[in-house]
Amino acid sequence: MTVPAAQSAANTHDTVLIVDFGSQVTQLIARRVREAGVYSEVVPFQKADAALRDLNPRAIILSGGPASAHEAGSPETSPAIVEAGVPVLGICYGQQAMVHRLDGQVEASDHREFGRAFVEVVEDSPLFDSVWPKGSRHQVWMSHGDRVTGLPPGFRAIATSDGAPYAAIAHEGRRFYGVQFHPEVVHTPDGGKLIANFVHRIAGLAGDWTMAQFKAEAIARIRAEVGEGRVICGLSGGVDSAVAAVLIHEAIGEQLTCIFVDHGLMRQNEASEVVALFRGHYNIPLVHADAADTFLGALDGVSEPEAKRKTIGRLFVETFEAEAQKLGGADFLAQGTLYPDVIESVSFTGGPSVTIKSHHNVGGLPERMNMRLVEPLRMLFKDEVRVLGRELGLPDAFVARHPFPGPGLAIRCPGAVTRDKLEILRKADAIYLDEIRKAGLYDAIWQAFAVLLPVQTVGVMGDSRTYDFVCALRAVTSVDGMTADFFPYDMDFLSRTATRIINEVKGINRVVYDVTSKPPGTIEWE
C-alpha cells in the first residue's frame, strides 16, 4: 500500500515505517509520530519488506493486532525488519511478534488485561527518559490475552504490570523496544511522550515534518504534475476538499475550476457560505450545481440508511460528471483524499474495512471520465489538514468546522427524507450550534449535531395538544474520531437549548440528549 514517490514525503523527510498487524488504532501510532515532528507511513505487514526497500525508514514501529504470535499461521515480523539495523518499537502484538521472531516465548495469559491498567517502571531506559522515572507507577491502556513469558537474548524488563511481567522490554544495544500496552491512545496519558522519546532520543530523528514545509513541497509537486493541464475539483463544503482546492489554486491559479454539487442536504446557510468563500474571498472559478430537486426526488420514500447513501452517491457522480462535461472536461480530477482513506482502502487482515468505509463515503467517480487524479492531501491526517488550511489563510471558523458526512442531513433524518423534515431539522440544528458557540464550547467538542427522530409524540403547549417530532442532540469528544465519548453538558445548557428549539421550531415538541459512548468504530447516528 505504499504510494508513488510523487505523493509520498518519504523521499524528502526522515521516515518512521509503521507495520500494521491489524490493530483498530494503528493510525494513531502514525499520528503520534507526526505530532512529534517526524514523518511516518503505514503499510500492512504483508508489504513490509517492499516498504523497507522503498522508504528507507530511519525507525520501525510494529502495531498491535488481533492474532496470537505463538499460533501457527499468525502474522510474523519479517526477518528483514530485525536485520535492518534501525530502532524497532513493538506495541502489544508487535512486541509479541518481535519477541517470537527473536526466539523469545509468547503464551496465552491466565490474567488477561483489557482497558485501564497500571505499570510499574523497574529500570531506567531511554524510552522513559524525562517521563517515567524508575520506581514510578503509571496508567496505561491494555488490550491483550497473550503475553511475553520469556525474553530473547539481550533483552531486559523495564516495566511490569499485574497481568504482564514484561509490560515493557528493551535491548539497548540493538535499540529494540517492546511495550505490551498501547502508548498511541489517549487512555495512556504519557503515551505520546514515550513515542516521542523513541523517535527523538532512541532513533535520533530531529523532526523536520511541518505543514509550512509540506505546503511549499506540495505546491511544487502539483505544478510539476499538472503542468499546463486543467484541473476540476469537487467541493463538498467540508474542510478536506476546501483545503485541497485552495492549495491547488495557489499552485496553478486559473487552471483550476471547482464544482460544488449542492444536494439540498446541507446545514443552514452552508451552501451560500461555500459559494461566498470560494467565489468572493478566493476568486476561484466555481460552478454551483443546484441539484436539490433531483436528490430529494430520488430520496422520496427511501428509508433504509445504506440505500440512502448509495442513492446520494450515485446522483453525486452523475451530477458532477454532467457539470464536468459542460466545462469540456479536464486533464485532472482533484480530490480531498486523506491518509486515513488510503489506509482504510486496504483490508490488512481480511477485516470489514471496506464495509466500514461505505459508511463514511458516498462513492468515487467512474473511470469513464478519463482524468488523472490529483490528491495533494493524500498523506495527511485530518488535524494536519486543519493546520495546512490555516497556513493557506482559510478562515478559522471554516477550518475548525466539525466533521460533516457526505450524505449530509439525510442520515441525520432517520427514515424517509422530506423537505418539511429537513427544514425542521435545519432550524433545530442551527439553534443547537448557535448555543454551543455562545457557550464557548464549539472547539471543545469534536462533533455535534441534531437528529430528527422518525417518531412523533403527544405534547401539550399552552392550552393545546401537539403531535410533533422528537429532536435528539448529540455531541461527542474525540481526538481522532475512532473513539468517542458524549460531551458532559450541564443541565442549564441543555435546558436553555431545548427551550429554544421547542419555542422556535414548529414541528418539534420534545428534545432528548444522546449520552451514548462509542468504542473504536463509527460514531454516526445511522
**Request:** Would you give the gap between the C-alpha center of region 283-314 and the C-alpha center of region 384-463, rounded to a whole Å?
**Result:** 18 Å
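So between R116 and D514, what do we pick up on full extension, going 0.36 nm a residue minus the alpha carbon distance?
Details: separation 398, 0.36 × 398 = 143.28 nm, distance 2.47 nm.
Here the segment from R116 to D514 would lengthen by 140.8 nm.
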**Request:** Please tell me the relative contact order of region 33-88 in percent, rounded to the nearest whole number, where contacts are Cα pairs under 8 Å and at least six residues apart.
**Result:** 39 percent
**Message:** Order 324-333, 237-246, 53-62 from most to least packed using the mean count of other Cβ atoms within 10 Å.
**Reply:** 237-246, 53-62, 324-333
**Complete:** the chain, convex hull of Cα, quarter of hull surface, nm² -> 26.1 nm²
**Item:** Efficiency of FRET from Cβ geometry, A322 and V302, R₀ 30 Å, rounded to 0.05
**Value:** 0.90
**Request:** Could you let me know the centre-to-centre spacing of region 75-90 and region 185-248, using Cα atoms, in angstrom?
**Result:** 26 Å
**Request:** Take the alpha carbon gyration tensor of region 189-282, find the square roots of its eigenvalues, order them as a ≥ b ≥ c, and report rounded if a/c is under 1.5; if not, report prolate when a/b exceeds b/c, else oblate.
**Result:** oblate
**Item:** Proximal lysines to K421, defined as alpha-carbon separation beneath 30 angstrom and excluding residues fewer than eight positions away on the same chain
**Value:** K308, K310, K357, K438, K506, K518
**Request:** Set the Förster radius R0 to 30 Å, insert the Cβ-Cβ distance between E228 and D293 as r into 1/(1 + (r/R0)^6), and round the FRET efficiency to 0.05.
**Result:** 0.20
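I want the local charge near L377. Using Cβ-Cβ distances under 9 Å, sum +1 for each Lys or Arg and -1 for each Asp or Glu among the other residues.
It works out to a net charge of -2.
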**Dipole-positive endmost among P75, V226, V302 within the chain (Cβ charges, Cα centre)** = V302
**Over region 235-333, relative contact order from alpha-carbon pairs under 8 Å, at least 6 apart, %** = 26 percent
**Fill in**
Taking the chain and counting helices only, DSSP H stretches of n ≥ 4 at -39,500 (n - 2.57) each over all residues, the nearest-500 ellipticity at 222 nm comes to -9500 deg cm²/dmol
**Request:** Would you be so kind as to identify all helices of the chain, as entire DSSP H runs, whose Cα atoms reach 15 Å or more along the helix's own axis and whose mean Kyte-Doolittle hydropathy is at least 0.5?
**Result:** 239-252
**Item:** Partner aspartates and glutamates for K427 [C-alpha distance under 12 Å; skip if fewer than 8 residues away on the same chain]
**Value:** E504
**Asked** Quick one: net charge of G145's neighbours, Cβ under 14 Å, K/R +1, D/E -1?
**Response** -3
**Request:** For D124 paired with D490, estimate the spin-label separation in nm (one decimal), with each label point 7 Å from Cα along the Cα-to-Cβ line.
**Result:** 4.7 nm
**Complete:** Net charge (Lys, Arg +1; Asp, Glu -1) of residues whose beta-carbon lies under 12 Å from that of D49, D49 excluded, is -1
**Prompt:** Relative contact order of the chain: what whole-number percent is it, with Cα pairs under 8 angstrom and at least 6 residues apart?
**Reply:** 11 percent
**Message:** Run the reach check for K134 against lysines, Cα to Cα strictly under 28 Å, same-chain hits fewer than 8 apart removed. What comes back?
**Reply:** K193
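Bear in mind these aren't lab numbers, they're just calculated from the coordinates by the rules spelled out. Note that the structure is predicted; figures quoted are calculated from it, not measured. Here the Cβ is made from the backbone with ideal geometry for all residues, glycine too, and neighbour counts use every protein chain on show.
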